[in-house]
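Chemist: First, the structure itself, so that you have it in front of you.
The values are calculated or read from the model by the stated rules, or taken from the named source; none is laboratory data. Quick caveat: nothing in here was measured; it's all calculated off a predicted structure. Here the Cβ positions follow ideal geometry from the backbone for every residue, glycine too, while neighbour counts run over all protein chains shown. Note: areas computed on protein heavy atoms with side chains; ligands, DNA, RNA excluded. Shrake-Rupley method; radii C 1.70, N 1.55, O 1.52, S 1.80 Å.
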Amino acid sequence: MTVEGVREKKRSMGMPQNPCLLVALGLATIFIAALLSMSYTGVSPLCSPLLSYSSNSHPIQLSAILHYATTSITPQQSFSEINLTYSVLLHRAPCNFLVFGLGHDSLMWAALNPGGRTLFLEEDPKWLHSVLSSAPYLNAHAVQYETKLSQAENLINSHRSYPDCEMGETLLESKCPLAIKRFPREVYETEWDVIMVDAPRGYFDSAPGRMGAIYSVAVMARRRRGAGTTDVFVHDVNRKVEKRYSEEFLCRKYLVEGTGRLWHFRIPPSNAMEGKPFC
C-alpha cells in the first residue's frame, strides 16, 4: 500500500494523523481570528444567539476550539491549505458552503462559516455515522458515486462526444456520464458560494475517484444565478486525476492561487463567460 493509501486508511479507521504542534497552534490562531473578526463587525461571538447554550443548540465555534485543543488527531490538510480556504470564508461567511468529504476537519469547516449553511457529502455510511455520533449537529448526507477511478482516462477522453457534457446542462437533466444525479435535493436546489472537493476516495482503481465531483461542481458554479462568483477548492491536486479534471472543467484561467496540494478557483457564472462552454 502506498503512503497515501496508508493515510486514507487511517482516516477511514479514525486513527491519529501524525500530530503536529504547529498545526494545533495554527488552528487555534484561525479560530481566535474568526471570533475577533465577528467582534469587529459588531457581533459579539460569546453572547450571540449563534453561540448561546441551549438544550437543542450547540456553540459550534467554541466546541471546535475545545475539540482541537484536546485531541491529537489533526485535519487532513496542512495549515497553509486550511488558511487559504479560511481567508475566503472570512470574507464570504455566512455563506452556502458545500464540502465533499467528512473527516477530522469537518467541525472546523462548519465553525469557520458561522451563521451559514455548511453541508458535507460522505461516501462511507459507517464513517458518517462515526463522525456524527460525536458531532451530531453537523449537516451531512451519505451519497453514492457511480464511477470508478479506473474509468478516469476513458471518461475524460470521451466526454466531448456527449453534447450534454460539453454544454454543462443542468445536472439532473444531463445525459453526461460525469453528471452526478443521486445527490440529495438540497445540493441541487442551493446556490453554493464556496465548494471544497476533498472526496470521494481516489487512490485505488475501484475507488469512485473525483471525476464526477469536479465536473458536477463546475456545472453548478457555471449555472449560478445569484450575484458574484463561486469559490471552488480542490484538494490532492498532486494526483493525476484531480489535476487533469480541474484543468479541464474548472480551467487554469480561473485558478486564483494554490498552496501545497490545494488549488483555489474562482468560477464566474456562464452568462459572464465567452467562447467555449468550459475552458
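Chemist: In whole Å, largest first, what are the principal axis extents of the Cα atoms in the stretch 162-279?
Modeler: Largest first, the stretch 162-279 extends 35, 30, 26 Å along its Cα principal axes.
Chemist: Calculate, for the stretch 73-187, the solvent-accessible area per residue in square angstrom, rolling a 1.4 angstrom probe over the heavy atoms of the protein chains.
Modeler: Value returned for the stretch 73-187: 44 Å² of accessible area per residue.
Chemist: Percent of Cα-Cα pairs per 10 Å bin, from 0 to the last occupied bin, for the stretch 92-178, please list those.
Modeler: The percentages, shortest bin first, are 15, 33, 28, 22, 2.
Chemist: Over 23 Å between Cα atoms: which of LYS126/LYS243; LYS148/LYS253; LYS148/LYS243; LYS126/LYS148; LYS148/LYS181 fall into that group?
Modeler: Numbers: LYS126/LYS243 29 Å; LYS148/LYS253 28 Å; LYS148/LYS243 17 Å; LYS126/LYS148 20 Å; LYS148/LYS181 16 Å.
Pairs exceeding the cut-off: LYS126/LYS243; LYS148/LYS253.
Chemist: I've got another one for you. Taking every pair of distinct Cα atoms and averaging 1/r, then inverting, what Kirkwood hydrodynamic radius in Å comes out for the stretch 160-222? Before the final figure, lay out the partial values.
Modeler: On the way: mean 1/r = 0.0803 Å⁻¹.
Radius from the Kirkwood sum: 12.5 Å.
Chemist: Further, regarding this structure: Considering only protein heavy atoms and a 1.4 Å probe, what is the carbon-and-sulfur percentage of the accessible area of the stretch 114-226?
Modeler: Details: 2390 of 5160 Å².
Roughly 46 percent, rounded to a whole number.
Chemist: To continue, here is another question. R0 = 35 Å: FRET efficiency of THR170 with LYS243, Cβ-based, nearest 0.05?
Modeler: For R0 = 35 Å, the calculated efficiency reads 0.85.
Chemist: Determine the sum of side-chain charges near MET211: Lys and Arg each +1, Asp and Glu each -1, restricted to other residues whose C-beta is under 14 angstrom from that of MET211.
Modeler: -1
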